[in-house]
Amino acid sequence: MMNNRYKTMIVDDEPAQLESLTGMLGRFPSYELVASCSSVPEAMRVLAEQQPDLLLLDVMLPPDTGFDLLEKLQERSFEVIFTTSHADFAIRALREAAVDYLLKPVGEDVLRDALFRFEQRFREKEKSDLRRLDILLNNLQQLDKGQRTLALPTNFGFHCLRVDEILRCESDGNYTTVYALEGKPILICRTMKEFEDLLVDHTQFFRIHRSHIINMRFVKEILKNDGLVRMRDGKELEISRRRRDEFYDAFMRL
């Protein structure tokens, strides 16, 4: 940062939002707007010349996304504040890895709070400490579906867990509780469907019920007459009727 001003860049494909962010940012004297872009290719060209401290990045930049932009960069030394119109699971995860997220339409008070958090982080952490964002991208984009270790987003950060240590998963509304072989249950910021997609290439996992995914390698007993499985931790879980035959076949092939 030069002259005590944070060099800031905005990437947003909505003209009205771009104009609004530019105007609000101008009311914060500690920030210098060095560039504004409306697409990923344009942002790539600018980033080849500029070295911002902060990037205000829209999540959706058709036909690309903000994630695409970050993936294309071999190195980066800036922090990110995401802006989005989509209040889905990604928002909760992004809050753990980015400085903050701003839900459109962005208000000045919300922006002020986000910039305050950015300034705190800028002072406290070296720029090279951005591995958290890399972990988030790996999870959200599922770049390596065969990975052996998952970085699970929680309300407090991330919990790293080996896939072969996962015993079972239980739906908890918009969250999922993960039970491992050891330790306490882990409440993660993913729906059951999102977690199921993350495990799609790990064939030992099977969704036996809308509320339960199990690791078939840790099934202790199958109670066919009752339509239940007993897991290694002693928990008995119902197998939905429509999935029983498919589960039995999958279990026999394991």
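Quick look at the numbers
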item: Tally of residues being under 15 Å from Asp249 (Cα atoms) and either aliphatic (A, V, I, L, M) or free of Cβ contacts under 8 Å to residues at least 40 places away in the same chain (or both) across the range 201-213; result: 3
item: Residues of the range 6-24 satisfying the condition of being surrounded by fewer than 20 Cβ atoms within 10 Å (Cβ to Cβ) and out of contact with any Pro (no Cβ under 8 Å at 6 or more places or on another chain); result: Glu14, Pro15, Ala16, Leu18, Glu19, Thr22, Gly23, Met24
item: Arg76 being out of contact with any strand residue (DSSP E or B) (no Cβ under 7 Å at 6 or more places or on another chain) and at pLDDT 75 or above; result: yes
item: Considering residues of the range 173-221 that are of a type in the set (Lys, Arg) and more than 18 Å from Met231 (Cα to Cα) only, the residue nearest to the chain's Cα centre (by Cα); result: Arg190
item: Residues of the range 66-83 satisfying the condition of being farther than 16 Å from Leu103 by Cα and not aliphatic (A, V, I, L, M); result: Phe67, Asp68, Glu71, Lys72, Gln74, Glu75, Arg76, Ser77, Phe78, Glu79
item: Test: Leu21 is touching a strand residue (DSSP E or B) at 6+ places or on another chain (Cβ under 6 Å) and in a helix (DSSP H, G or I); result: yes
item: Among the candidates Ile188, Ile213, Ile239, Ile166, residue that is under 30 Å from Val99 (Cβ atoms) and of a type outside the set (Lys, Arg); result: Ile188
item: Elements of type strands (runs of 3 or more DSSP E) in the range 164-254, at least 1 residues being modelled with pLDDT of 90 or more and of a type in the set (Asp, Glu); result: 166-172, 219-223, 236-238
item: Residue list for the range 59-78, restricted to those being part of a strand (DSSP E or B) and out of contact with any Pro (no Cβ under 9 Å at 6 or more places or on another chain); result: Met60, Leu61, Thr65
item: Flag if Arg232 is basic (Lys, Arg), more than 24 Å from Leu161 (Cα to Cα) and in the same structural domain as Leu152 (by TED's automatic domain parsing); result: no
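Residues are listed down the side, and each one gets a yes or a no for (1) over 19 Å from Leu33 (Cβ atoms); (2) modelled with pLDDT under 85; (3) not assigned by TED's automatic domain parsing to the domain that holds Leu54:
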position	(1), (2), (3)
Ser85	yes, yes, no
Arg95	yes, yes, no
Asp100	no, yes, no
Asp109	yes, no, no
Ala114	no, no, no
Phe122	no, yes, no
Lys125	yes, yes, no
Arg132	yes, yes, no
Arg148	yes, yes, yes
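The values are calculated or read from the model by the stated rules, or taken from the named source; none is laboratory data. Not measured: the values here are computed from a predicted model. Positions of Cβ are backbone-derived with ideal geometry, glycine not excepted, and every protein chain shown enters the neighbour counts.
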